[in-house]
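The structure under discussion appears below in the form of structure tokens.
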Amino acid sequence: MKKSLLLITCFALVASAARLCAADSRAEFLKLLDRPRVPLAPEIKEVGAKDGVTRFDFSYAADATNRVPGILLKSATAPAGRRPVVIVLHGTGGTKEGEVAYMTELVKDGFIAVATDGRYHGARSKAGKGSAEYVDAILHTFRTGKEYPFFFDTAWDVMRLIDYLETRADIDPKRIGIFGTSKGGIEAYLAAAADPRIAVAVPCIAVESFRWAAENNSGQACFGTVQAAFEAAAKDGVVEKPGGN
């Protein structure tokens with residue numbers, strides 16, 4: 001009996017320590033993400049309904065200089081009330097519009113679905129897709145070593161998106177999920193690490209072993225999306241052509 005009590009006490013202490021470590025890690029990460037908050041000032045417009053799905057275009061202020069454009073899809077026939085929501089984050093070169101087909105399936109499964117344009121993508125870029133601005137942002141962080149990757153910016157954008165979703169009468173704030181692919185997958189797990197309001201996170205192809213990819217010549221699908229940045233960084237290091245060596 002005494003051994004059982006001792007084991008239970010040990011487990012409780014370990015669990016408590018793990019929670020404290022997680023809380024400390026989150027607090028430190030939040031210091032990196034945090035920036036002055038401004039009013040959300042949301043703007044939303046109903047676009048129309050198709051096949052039982054209603055689309056809304058919206059935007060909100062992430063900070064003093066950035067408004068985030070988004071799409072919200074919900075059932076046109078479901079009864080009023082709060083529903084779970086899935087935030088969908090696109091990959092490199094993608095846009096919120098490119099996620100509409102998947103979002104529609106989520107709505108048919110009973111969710112509200114939301115997608116936004118990531119930094120330097122879609123309506124947040126001059127080109128409308130993955131652009132020179134995207135490469136410039138990668139290089140700027142690499143060269144200066146003083147600024148954070150734009151992944152952190154998107155994690156902040158997601159946190160502010162959740163602030164907005166919590167104001168809506170049709171969203172269940174206890175059932176917020178996030179899904180992302182590639183770049184969006186990285187941003188999904190960063191946002192989930194920072195914001196405990198995210199109940200479920202599903203990051204897809206978000207982590208890769210660069211060593212394994214180089215040794216097996218299998219990184220082109222990933223590296224090719226930011227090839228210009230790799231080549232420019234290599235030239236900074238007086239490397240003619242980037243490779244696995």
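Residues considered: Gly81, Gly93. Of these, the only one that is within 16 Å of the chain's Cα centre (by Cα) and assigned to a loop (DSSP other than H, G, I, E, B) is Gly93. If the condition is being at pLDDT 85 or above, in contact with a helix residue (DSSP H, G or I) (Cβ under 8 Å, 6 or more places away or on another chain) and aliphatic (A, V, I, L, M), then the stretch 8-45 contributes only Leu40.
State whether one or more residues within the stretch 147-156 are touching a strand residue (DSSP E or B) at 6+ places or on another chain (Cβ under 9 Å) and of a type in the set (Asp, Glu).
Scanning the stretch 147-156, I find no residue that is touching a strand residue (DSSP E or B) at 6+ places or on another chain (Cβ under 9 Å) and of a type in the set (Asp, Glu), so the answer is no.
Is it the case that some residue within the stretch 155-162 is of a type in the set (Phe, Trp, Tyr), touching a Leu at 6+ places or on another chain (Cβ under 8 Å), more than 25 Å from Leu139 (Cβ to Cβ) and modelled with pLDDT of 90 or more? Checked the stretch 155-162: no residue is of a type in the set (Phe, Trp, Tyr), touching a Leu at 6+ places or on another chain (Cβ under 8 Å), more than 25 Å from Leu139 (Cβ to Cβ) and modelled with pLDDT of 90 or more. You will find that of Met103, Met159, the residue that is out of contact with any Ser or Thr (no Cβ under 8 Å at 6 or more places or on another chain), closer than 21 Å to Leu30 by Cβ and either assigned to a loop (DSSP other than H, G, I, E, B) or open to solvent by less than 30 Å² (accessible area, probe 1.4 Å) (or both) is Met159 and no other. Being at pLDDT 85 or above and open to solvent by 20 Å² or more (accessible area, probe 1.4 Å) is a description that does not apply to Tyr148.
The values are calculated or read from the model by the stated rules, or taken from the named source; none is laboratory data. Every value quoted in this text rests on a predicted model; they were computed, and no experiment measured them. Ideal geometry is used to build each Cβ from the backbone, glycine not excepted, and the neighbour counts take in all protein chains shown. Accessible surface areas use protein heavy atoms only, side chains included; no ligands, DNA or RNA. Shrake-Rupley method; radii C 1.70, N 1.55, O 1.52, S 1.80 Å.
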